[in-house]
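The values are calculated or read from the model by the stated rules, or taken from the named source; none is laboratory data. Just so we're clear, the structure is a prediction, and the values are computed from it rather than from any experiment. Neighbour counts are summed over all protein chains in view; Cβ atoms, including those assigned to glycine, are modelled from backbone coordinates with ideal geometry.
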Amino acid sequence: MTDTYTLLTLALIGATFVLAGTAKGLVGLGLPTVVVGLLGQVMAPAEAAALMVVPSLLTNLWQTAAGAALPRLLARLWPFLVAVVAGTAGVGALLPEAAGSWAARALGAALLAYAAFGLWGPRLRLGAKADAAVGPLAGLAAGAVTAATGVAVMPTVPYLQALGLEKDDLVQALGLAFTVSTLTLGGVLLGGALDGPTAAVSAGAVVPAVAGMMLGQRLRRRVDGVRFRLAFFAALAILGARLLLVA
């Protein structure tokens, strides 16, 4: 793990968090995806994931608390959330043995899958009976992807979208799922990728991340949402393809 960060590296990290925060402010998600996707081009994915822990945790806690549906969501989603913790911790225990190129390729595959779902994914719907069986499996898969890549969106986002939640409940459910993922990932990385210098930089990255979110919220009123989503997912697909081909 890096003991010191140069001014150039810190500037790159700050700019990345502004961009990632802007994406989250515009579409409600994407901060870890953008951070790990971009910084993963110039550093190990585990280090990039460690840098996003504090900003992601704080913004997702705020998103989780902003609504009255939390008790209902916890009652419905706890099997999925418990499985996320188990999958993240289980696969995370294998990370020290994983080669950097393998982790980079896994991140590239996750970004491509997320981009493909965002661009062409079908609208899935799960009934109560199907959800009882699919929830734990989706949680284990989400935890494994999170531990391997630092990105918690697949298959978390399509699974939660398939539950047919109301718009505000879906936003709160995403915040809850990402909070659990980030907390567990932070525990896995603590003392390794998430060492003292990296934790300090991660804490400092809260400022550009929040500034980006505020900018994104303002731009949301002016930028066409459909065009932005197309550009966002196309950029993720390019990043993912580059990681798969170059790593």
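Does V91 satisfy the condition of being in a helix (DSSP H, G or I), more than 26 Å from G212 (Cβ to Cβ), modelled with pLDDT of 85 or more and out of contact with any Leu (no Cβ under 8 Å at 6 or more places or on another chain)? It is true that V91 is in a helix (DSSP H, G or I), more than 26 Å from G212 (Cβ to Cβ), modelled with pLDDT of 85 or more and out of contact with any Leu (no Cβ under 8 Å at 6 or more places or on another chain). Do we have V18 as among the β-branched types (V, I, T) and either within 21 Å of A173 (Cα to Cα) or under 13 Å from the mean Cα position of the chain (by Cα) (or both) here? No. Under the condition of being under 12 Å from G212 (Cα atoms) and polar (S, T, N, Q), the residues counted in the range 18-75 number 2. Scanning the range 180-192 for residues that are assigned to a helix (DSSP H, G or I) and over 18 Å from L140 (Cβ atoms), we see that the one that is nearest to the chain's Cα centre (by Cα) is G186.
Consider the range 43-62 and keep the residues that are in contact with a Ser or Thr (Cβ under 8 Å, 6 or more places away or on another chain) and surrounded by fewer than 24 Cβ atoms within 10 Å (Cβ to Cβ). The one that is nearest to K167 (Cα to Cα) is L61. For residues in the range 167-180 being in contact (Cβ under 8 Å) with a residue 60 or more places away in the chain and surrounded by fewer than 21 Cβ atoms within 10 Å (Cβ to Cβ), which is farthest from P79 (Cα to Cα)? Only one residue fits best here, namely D168. Screening V35 with (1) buried (at least 22 other Cβ atoms within 10 Å of the Cβ); (2) of a type in the set (A, V, I, L, M, F, W, C); (3) over 13 Å from the mean Cα position of the chain (by Cα); (4) modelled with pLDDT of 85 or more gives one miss only, at (3).
Total residues in the range 181-205 satisfying the condition of being under 25 Å from L73 (Cβ atoms) and among the aliphatic types (A, V, I, L, M): the figure is 3.
The rows are residues; the columns are (1) in contact (Cβ under 8 Å) with a residue 40 or more places away in the chain; (2) surrounded by 15 or more Cβ atoms within 10 Å (Cβ to Cβ).
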| position | (1), (2) |
| --- | --- |
| L190 | no, no |
| P208 | yes, yes |
| V223 | yes, no |
| L230 | yes, no |
| L244 | yes, yes |
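Taken over the range 1-52, the residue count meeting the criterion of being outside any helix (DSSP H, G or I) and within 27 Å of L219 (Cβ to Cβ) is 7. Taking every residue in the range 58-76 that is farther than 14 Å from D169 by Cβ and pairing it with any residue that is of a type in the set (S, T, N, Q) and surrounded by 12 or more Cβ atoms within 10 Å (Cβ to Cβ), at least 6 positions away or on another chain, the pairs with Cβ-Cβ distances below 6 Å are N60/T179; L61/T179. Filtered by the rule that a residue be closer than 19 Å to T16 by Cβ, at pLDDT below 80 and among the small types (G, A, S), the range 216-239 gives A231, A235.
Reported count of residues in the range 192-206, each being at pLDDT below 85 and buried (at least 21 other Cβ atoms within 10 Å of the Cβ), is 2.
Listed here are the residues, each with its yes/no results for (1) part of a helix (DSSP H, G or I); (2) farther than 18 Å from G37 by Cβ; (3) under 20 Å from the mean Cα position of the chain (by Cα).
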{"site": "W102", "(1), (2), (3)": "yes, no, yes"}
{"site": "G108", "(1), (2), (3)": "yes, no, yes"}
{"site": "L112", "(1), (2), (3)": "yes, no, yes"}
{"site": "A115", "(1), (2), (3)": "yes, no, yes"}
{"site": "R125", "(1), (2), (3)": "no, yes, no"}
{"site": "K129", "(1), (2), (3)": "yes, yes, no"}
{"site": "T146", "(1), (2), (3)": "yes, no, yes"}
{"site": "A152", "(1), (2), (3)": "no, no, yes"}
{"site": "G164", "(1), (2), (3)": "no, yes, no"}
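In this structure, V42 does satisfy being without any contact (Cβ under 8 Å) to a residue 40 or more places away in the chain and among the β-branched types (V, I, T).
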